[in-house]
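Below: one structure, written as structure tokens.
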Amino acid sequence: MTHFAIALIARKAKLAAYAALAFAGFAYAGPAFAEPVSIASSILIERQFTEGGTTRSEWVVADKVVPGDILRFVFRYQNHEDTALNDFVINSPVPEAVKVRSIDPEQIVSVDNAKSFVRFDQAIFSDADGSTKAALPEHITHVRWIINSINSGESGSVYYVATVR
Amino acid sequence: MTRQTCSVRRRLVLFAGTALAALAISTPAYAEGTAAGTVITNNVTVDYRVGSVQQTPATASAQVTVDRKVNLTVTREDTSAVIVSPLQQRVATTFRLVNLSNDTLDFVLAATQLATGSATAFGPGTDVFDVADVGVFQDTNSNNIYDEGVDTPVTFVDELAADGELILFVVANVPDIVLATGDIATVRLTATAAGGGAAGQGTVLTETTGANTDQVDTVFADGSGSGDADNDGMFGAISDYRVSRATLTVTKSSTVISDPVNSTTNPKIIPGAIVSFCVAISNAAGGATASGLTVNAQIDSDMDFVPDSIRLNGSVSSGSCNDDGTAGGSFNAGVVSGTLGDLGPGNALTLVYRAEVK
């Protein structure tokens, strides 16, 4: 399963010293700044739509969220530089109130609160009593994506699926 | 990161007044999950290089608020019908209310009677009568038993925490009408979710339709009990009162024992004859035990009571009174009196006495 969607948009950009670039996520409607790298975070929920007798499901911006709902945590990025960006590392802590529902075996994750990051299919979870076992999606505390290089103007998105506890 | 899901049964402290207040103990997760009002924040941090130069990390975040998911159950605690006798007062059926929502809520309570012919909780048969003076009471002393004068009436439950539960009673009187053993009156207790967070009864909750709002919205996720539907913020349960009465038949008979001329051989009713009288009380099978049976028999003006002839608790065989009672009872002003022992269903007891023809 691929997490990246590639679109080509050429933009001129400048390097600037910003302590942090914070953008409103899609959960709140708001414009993104045109900065060297734009990243945006959003929370989507699957809703059923019935049209002409057939029911289909779509991922839309989460509004009413209750325990049991399945959400997608999405991160979009775009390179506004005129050069490539290297070693693009996206880190996201899984919020307390949700648990990861399913994940690619190769996804880089942490199951020990960011002490270590490994492939999910190699992650070992240590219980409070010291016993260890192969980690389950619900044990994931952080998710990480590493993109070696993003060309100028390139954009994409990554996501994971989680359930509201 | 693991999250422990605990379902904790809480003991509740009661306060004076018509409202039942609940003491909440916080646990990380509730039956219906994350507490309403919790904000879920999606943070992301990006580190990257341009060429060989490490750049300042970029961050972004999005938020969504967890809304209120309403779920509750009301179940009966009675494992069989509550047996009542005619005219019995303040008889209780017992129910348990559980708040499965992810929020502290109030619950409006209603006790209703099912119509004649309705299906009952335990059977056999359908509802045939209504009880009277029905009210809902809380288990004030937390002993799972209705205690008249101790457990107080309630119209709503105040501030029941997520995963909180408590015992409620529906209390009624058996009316002064003709009832037979096996007659059933079915009652229903319904709880309706209302807003918590303030003293007094909150407003009954309605589902938030349309788009999300900035406040905590409400979603109904409850099942259907008795008399309510899925996802309506209500839940009901039924239980039965079933009548068990003693149906008594009283029969009086007499036998000539002896006369002065024939002695005990074919005695006739002539002056001086001794007559044995038997008052037999039989209790129909399948009903309740009758106790405190007091028998009073008037001596005819043409006869004289034979002293010390009263025999109590004798038996009956093939319709005839046996001479196997024990001495007892009293005679006063022409009336023979005696109190019999407990008479179980399907049995008979007698009071026997003798009188002489004047």
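The values are calculated or read from the model by the stated rules, or taken from the named source; none is laboratory data. It should be emphasised that the depicted structure is a prediction, and the values quoted were computed from it without experimental measurement. All Cβ positions, glycine included, derive from the backbone under ideal geometry; neighbour counts span all protein chains shown. Accessible surface areas use protein heavy atoms only, side chains included; no ligands, DNA or RNA. Shrake-Rupley method; radii C 1.70, N 1.55, O 1.52, S 1.80 Å.
General remarks:
- Alpha-carbon centroid distance for the pair region B:241-275 / region A:117-165, whole angstrom: 97 Å
- Fraction of beta bridges assigned by DSSP in chain B that are antiparallel (%, nearest 5): 90 percent
- The alpha-carbon atoms of region B:61-131, seen along their principal axes, cover 69, 24, 20 angstrom, with the largest extent given first.
- Using only the C-alpha atoms, the convex hull of region B:172-297 corresponds to 175 Å³ per residue.
- Calculated FRET efficiency for the pair B:LEU248/B:GLU77, C-beta based, R₀ 35 Å, to 0.05: 0.55
- Total buried accessible area between B and A, probe 1.4 Å, nearest 100: 3700 Å².
- Computed over region B:140-227: relative contact order in percent, which uses C-alpha pairs under 8 Å that are six or more apart: 21 percent
- The mean count of C-beta atoms from other chains within 10 Å of the C-beta of residues in A:41-54, rounded to a whole number, is 2.
- Ordered from largest to smallest accessible area (heavy atoms of protein chains, 1.4 Å probe), the residues A:VAL61, A:VAL164 come out as A:VAL61, A:VAL164.
- Ordered by 1.4 Å accessible area with all protein chains kept, B:LEU72, B:LEU205 run largest first as B:LEU205, B:LEU72.
- Straight-distance crosslink candidates among aspartates and glutamates, where the alpha carbon sits under 20 Å from B:LYS252 and sequence neighbours closer than 8 are dropped: B:ASP300, B:ASP302, B:ASP304, B:ASP308, B:ASP323, B:ASP324, B:ASP342, B:GLU356
- Based on alpha-carbon atoms, the Kirkwood radius and the radius of gyration of region B:86-214 give Rg/Rh equal to 1.06.
- Using alpha carbons only, the radius of gyration of the protein assembly as shown set against its Kirkwood radius gives Rg/Rh = 1.33.
- Charge dipole (chain B, unit charges on Cβ, about Cα centre) - positive-most of B:GLY223, B:VAL108, B:THR41: B:GLY223
- Fraction in percent of alpha-carbon pairs per bin - 10 Å, region A:25-165: 11, 33, 32, 19, 5, 0
- Square roots of 5 times each gyration tensor eigenvalue, C-alpha, region B:235-303, largest first, Å: 46, 12, 7
- Estimated distance in nm for a label pair at B:ALA132 and A:ARG119, the labels positioned 7 Å out from Cα along Cα-to-Cβ: 8.1 nm
- Theoretical gain in end-to-end length, B:SER263 to B:SER301 [0.36 nm per residue, Cα-Cα removed]: 11.4 nm
- On full extension, the segment bounded by B:ARG49 and B:SER118 gains 17.3 nm, given 0.36 nm per residue less the C-alpha separation.
- Solvent-accessible surface ranking, highest first, for A:TRP59, A:TRP145 at 1.4 angstrom: A:TRP59, A:TRP145
- The Stokes-Einstein estimate for chain B, based on a Kirkwood radius over Cα pairs and taken at 4 °C with 1.567 mPa s viscosity, is a diffusion coefficient of 50 µm²/s.
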